[in-house]
Amino acid sequence: MSSTGTSVPAIEGRSPSRLAWEKLRRDKTAWVSMTIVLVFIVMALASPIFQWIIKTTPDAFHPNTLNDARGALPLGKLGGVSGHHWFGVEPRTGRDIFLRFVYGARTSLLIALAATTVATVVGVLIGLISGFFGGRIDQFLSRTLEIVLAFPSILFALAITPVLEGVLENSGVPKGNASRIPVMIIVMATFGWPYIARIVRGQVISLREREFVEAARALGATRTHLVFKQILPNLWAPILVTVALNIPTFITTEAALTFLGAGVIEPASDWGAMLLHSVPFYSVDPLYTFIPGIGLFLLVLGFNLFGDSVRDALDPKSAR
Amino acid sequence: MNIHRKAGLIGSVAALAATAFYAVPTATAATANPSWVGPAPVIKGAVTGGTLNILNQGDFEHIDPARNYVGGTLDFYRFFIRTLTQYRTINGKTELVPDIAADLGTTKDQGKTWVFKLRPNLKYEDGTAITCADLKYGIERSYNDDILDGGTTYAHDLLANPTDYKGPYTTPTKNLSSVTCSPKGDSVKFDLQQATPYFPFVTTFGAFSPVPVAHDTKQNYDLHPWSSGPYKIASYDRGKQMTLVRNKFWDPNTDPLRHNFPDTIKVKFGFEQNALEQQFVSDSGAAQTGMTLDTEVVTNLATVSGNDKYKSRFFAFNSPYARYLAINMDTVKDLNVRKAIQCAVDLKTVLLAAGGSAAGRYANSLIPSNISLAYRNFPVCGRDVKMNPESQIAAAKALLAATPNAKKDLILAYRDKGVEPARAEAAQQALQAVGFTVTMQKLPRAGYYTAIGKRGVSGEPDVIQTSWGFDWPAASGIVYALLDGRTMLATDSHSNYSRSNVPAIQTLFEKADATIATAPQEKLLGDIEQKLIQDYAAVVPLYIETSNFMAGSKLGGVQPDGGYGTISPLYAWLKK
């Protein structure tokens, strides 16, 4: 029988963001993926602490961990895994793989997040302008965007990196990673913004004719006000989703660029470089290949799943 | 001129004592030697017949004798190319022997003119006679290196050329006046620009081989060089395969170094490194009756080396390469700082970075120990590097401490190829451990040797990671090229990367020039090298590289060749 009285929950008004947050909170995938991402971020931030615990640096050679007679492969099982070297050591150099892994996470996240930020700011601005003003400006920006999208980005990045690097070095930036990493960020952002711009443009076109925009316009609001105060606040959901899905793309691009030789300069740690170095040893020291591979896999998966969950949570039509 | 460009070399694993592989011949004494007459010494157990497979990753760069400058190919193309002189390796001993010549040359003026007697009754693949005029034409062709690129430049560099001859394609009416055939055509005389005691070594290169004018197809000669050896090219599909069949006009009685055991030799190109390695390890398919000239054992080295199962078909031997660091004497002027660099570099981490003891053997000298007339085992930084390769940290620090205003900021240049970045990092760490600050200068593969030779440029490196593969197995093929400052320009050090230019040493070089007999000259060159390493700290020798190759179980007679430092198919035969 039905109970009488008190258990009927109170009906309360909930904002869309509140609804989204609660949906996200109930999503197990979101929790798992967020945990993965957070673990990596914490690990990357804590890398100097690990360095202090293990009492070595990611670049230091450890010749005593290597078997001189057997191709300078690590001594011991699983590529030299021990209490001191948790993930083993690198063949031929004896550098600590765990430290290189956590510092590699740092490089990956730093470059991916920076490139995402630049790409997002540029993409949102161009999307707003293109969508809001329409006409010739839209024509011009949209064609530019399509041209950029049509470029074979990796090949172009390989070709343009030394050129841009030369420009930076000539203007006084020190050689090495000080000029290489900004170049990577610029190159990756250059090929990343069109995706955001295109989504934002579409949204702006549908928003700019809406009543609240009309109302503001009728009240004599300036264009700047219309774009930044009326339209932009309604775009944060698609932007957030695109950002969450862009980060993993940039992480893989960064690793690919380093793998192909247009990325981070050694001895700085990087997953792409680790993968590259592990190739000759995949049959004799498979763990060395797996570690950066699994790192990339988990981090990319984490960000992707999290991005999906955010999108589901923000989409009122999705039912899960 | 850094030659013997090898394909697919990354470095490696495994240990095997390389035996002494050559004895430097005395080139001046030209007394007829019974072993110079054919046929070649008997190879024990060898039988005739079958097909020898050669499986390579890439096609030969060139097989036109005027254009080939790659170690493995110089070795291989002896199947169909005969040169004036040539190397013969029997039972691990290599010696220079006359090939189409009948002797190793004679000189009456300290090596400025050389006369070689020629062997009679030699024939090409079509049965026509090989003449002295053909040899002269072969040499002349090498002057047209605008059309026939890729080869050695020794003929131009050494032969006198008073009429400024530019090659038969450019000036067909003239000829090279410094090469003269005797009226009977039984000997040939060379006039050189200056006394060159090592000339009989130089005549092993392809430019000194006979080419019949009637069959010279210029660039296309690269597809079918007219054979003078025991095999001829039956078909050659560039990039895919080449088939060699017996040349019935070749007479073993005229050849002191070649055999022709297999009926056919099939060369296939286009294999992938790891797949090919795996094929040799598992001894399957064509690899069972095959070998490779360009694919070293790299990933499987840990499995193969020191394993009795593979012992009979695994070959680890000295390559012609010495790896070393040149210290720039222009920019690092202070001897104590150079000595500190020499003491600081840790040969152990460097060799480990290259693959450990299977990749090479610690070196105190740029001259391999096998070049016995010149090599000597002197200490570097007060220790025997073979026993004690580790960094001499205390000694290096003391040297730096004793030097007021010592230059401590160094630029280390290295090439972005294979294990070279890892080796450079190893050197960087060792140098930093004693108090240097090292800026790394990573340079692209292409143009590396040009870049590091430039003098007086901004950012000129202080320490240069480089290597040298000798062109002939003697100190004269190493020390002149790497340490002689006399030909250095203000803007270009040539291959004297340490920019060594010491008056006292130049006097010794002049003395060596004037010493024509091989043994005393080699000894003098050994002295020069020792002085420059010990007293002037011009270079830090790191290691002499080891090559690691495999062959199929059904092959006999496969051996490392001492003349080229490569794995040689010349005496390969098929087990029944």
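If you go through the range B:253-265 one residue at a time, do you hit one that is surrounded by fewer than 16 Cβ atoms within 10 Å (Cβ to Cβ) and either free of Cβ contacts under 8 Å to residues at least 40 places away in the same chain or touching a His at 6+ places or on another chain (Cβ under 6 Å) (or both)? No, there is no match, as no residue in the range B:253-265 is surrounded by fewer than 16 Cβ atoms within 10 Å (Cβ to Cβ) and either free of Cβ contacts under 8 Å to residues at least 40 places away in the same chain or touching a His at 6+ places or on another chain (Cβ under 6 Å) (or both). Based on what the data block shows, is B:Thr437 within 14 Å of chain A (Cβ to nearest Cβ) and over 29 Å from the mean Cα position of the chain (by Cα)? Answer is yes for this residue. The set of residues in the range B:329-362 being surrounded by fewer than 24 Cβ atoms within 10 Å (Cβ to Cβ), outside any helix (DSSP H, G or I) and either within 26 Å of the chain's Cα centre (by Cα) or β-branched (Val, Ile, Thr) (or both) consists of B:Thr331, B:Val332, B:Arg361, B:Tyr362. Number of residues in the range A:141-183 that are part of a loop (DSSP other than H, G, I, E, B) and touching a residue at least 24 places away in the same chain (Cβ under 8 Å): the value is 2.
Can you confirm whether B:Pro444 is under 28 Å from the mean Cα position of the chain (by Cα), within 11 Å of chain A (Cβ to nearest Cβ) and without any contact (Cβ under 8 Å) to a residue 24 or more places away in the chain? No: the conditions fail for B:Pro444.
The number of residues in the range A:79-92 being buried (at least 24 other Cβ atoms within 10 Å of the Cβ) and more than 30 Å from the chain's Cα centre (by Cα) comes to 2. Residues of the range A:44-63 that are among the aliphatic types (A, V, I, L, M), out of contact with any Leu (no Cβ under 7 Å at 6 or more places or on another chain) and either crowded, with 18+ Cβ neighbours inside 10 Å or within 14 Å of chain B (Cβ to nearest Cβ) (or both): A:Ala60 alone. Which condition from (1) of a type outside the set (Ser, Thr, Tyr); (2) within 24 Å of B:Asp99 (Cα to Cα); (3) assigned to a strand (DSSP E or B) is the one that B:Leu257 breaks? B:Leu257 satisfies every listed condition except (3).
Table: residues versus (1) touching a residue at least 24 places away in the same chain (Cβ under 8 Å); (2) of a type in the set (D, E, K, R).
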position	(1), (2)
B:Ile367	yes, no
B:Cys381	yes, no
B:Asp384	no, yes
B:Asn388	no, no
B:Lys397	yes, yes
B:Leu410	yes, no
B:Pro421	no, no
B:Ala427	yes, no
B:Val434	yes, no
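The number of residues in the range A:241-265 that are in contact with an Asp or Glu (Cβ under 7 Å, 6 or more places away or on another chain) and either of a type outside the set (A, V, I, L, M, F, W, C) or assigned to a helix (DSSP H, G or I) (or both) comes to 2. Within the range B:482-508, the set of residues being part of a helix (DSSP H, G or I) and surrounded by fewer than 18 Cβ atoms within 10 Å (Cβ to Cβ) comprises B:Arg486, B:Thr487, B:Pro503, B:Ala504, B:Gln506, B:Thr507, B:Leu508. Taking (1) within 30 Å of B:Asn307 (Cα to Cα); (2) within 14 Å of chain B (Cβ to nearest Cβ); (3) not small (Gly, Ala, Ser) in turn, A:Arg100 satisfies each apart from (1).
Residues checked against (1) assigned to a loop (DSSP other than H, G, I, E, B); (2) surrounded by fewer than 20 Cβ atoms within 10 Å (Cβ to Cβ):
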| position | (1), (2) |
| --- | --- |
| B:Ala406 | yes, yes |
| B:Leu412 | no, no |
| B:Lys417 | yes, yes |
| B:Ala422 | no, no |
| B:Val438 | no, no |
| B:Lys442 | no, yes |
| B:Pro461 | yes, no |
| B:Thr466 | no, no |
| B:Pro473 | yes, no |
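Could we say that B:Ala17 is over 25 Å from B:His259 (Cβ atoms), modelled with pLDDT under 95 and more than 14 Å from every other protein chain (Cβ to nearest Cβ) here? No; evaluated as a whole, the condition is false for this residue. Please verify whether B:Ala430 is hydrophobic (A, V, I, L, M, F, W, C) and within 11 Å of chain A (Cβ to nearest Cβ), treating the condition exactly as stated. Yes, satisfied. So which residues in the range B:266-278 are within 27 Å of the chain's Cα centre (by Cα) and either crowded, with 22+ Cβ neighbours inside 10 Å or not in a loop (DSSP other than H, G, I, E, B) (or both)? Hits for the range B:266-278 are B:Lys266, B:Val267, B:Lys268, B:Gln273, B:Asn274, B:Leu276, B:Glu277. Which members of the range B:387-404 meet the condition of being more than 13 Å from chain A (Cβ to nearest Cβ) and either surrounded by fewer than 20 Cβ atoms within 10 Å (Cβ to Cβ) or in contact with a strand residue (DSSP E or B) (Cβ under 8 Å, 6 or more places away or on another chain) (or both)? Passing the criteria: B:Met387, B:Asn388, B:Gln392, B:Ile393, B:Ala394, B:Ala395, B:Lys397, B:Ala398, B:Ala401, B:Ala402, B:Thr403, B:Pro404.
If you check B:Val281 against the conditions, is it within 14 Å of chain A (Cβ to nearest Cβ) and either in a loop (DSSP other than H, G, I, E, B) or closer than 21 Å to B:Trp226 by Cα (or both)? The answer is no for B:Val281.
Which of the residues that make up the range B:455-477 are over 18 Å from B:Arg338 (Cα atoms) and under 24 Å from the mean Cα position of the chain (by Cα)? Across the range B:455-477, the qualifying residues are B:Ser467, B:Trp468, B:Gly469, B:Phe470, B:Asp471, B:Trp472, B:Pro473, B:Ala474, B:Ala475, B:Ser476, B:Gly477.
Residues of the range A:296-312 that are surrounded by 22 or more Cβ atoms within 10 Å (Cβ to Cβ) and either of a type in the set (S, T, N, Q) or farther than 30 Å from A:Ala237 by Cβ (or both): A:Ser309 alone.
Among the residues of the range A:64-88 satisfying the criterion of being assigned to a strand (DSSP E or B) and in contact with a Phe, Trp or Tyr (Cβ under 9 Å, 6 or more places away or on another chain), which is farthest from the other protein chains (Cβ to nearest Cβ)?
Ranking the qualifying residues of the range A:64-88, first place goes to A:Pro74.
Given the condition in contact with a Pro (Cβ under 9 Å, 6 or more places away or on another chain), within 14 Å of chain B (Cβ to nearest Cβ) and among the small types (Gly, Ala, Ser), answer yes or no: does some residue in the range A:281-288 qualify? Looking for residues that are in contact with a Pro (Cβ under 9 Å, 6 or more places away or on another chain), within 14 Å of chain B (Cβ to nearest Cβ) and among the small types (Gly, Ala, Ser), one finds none in the range A:281-288, hence no. Looking at B:Thr131, B:Thr85, B:Thr106, B:Thr152, just one residue is among the hydroxyl-bearing types (Ser, Thr, Tyr) and closer than 16 Å to B:Arg258 by Cβ, and that residue is B:Thr85. Among what's in the range B:323-368 and is β-branched (Val, Ile, Thr) and within 14 Å of another protein chain (Cβ to nearest Cβ), pick the residue that is farthest from B:Gln465 (Cα to Cα). Within the range B:323-368, the match that is farthest from B:Gln465 (Cα to Cα) is B:Thr349. Of all residues in the range B:296-322, none satisfies the criterion of being of a type in the set (Asp, Glu) and within 11 Å of chain A (Cβ to nearest Cβ).
The values are calculated or read from the model by the stated rules, or taken from the named source; none is laboratory data. Since the model is a prediction, treat every value here as computed from it, not as a measurement. A quick note on method: Cβ atoms are made from the backbone with ideal geometry, for glycine too, and the neighbour counts reach across all protein chains shown.
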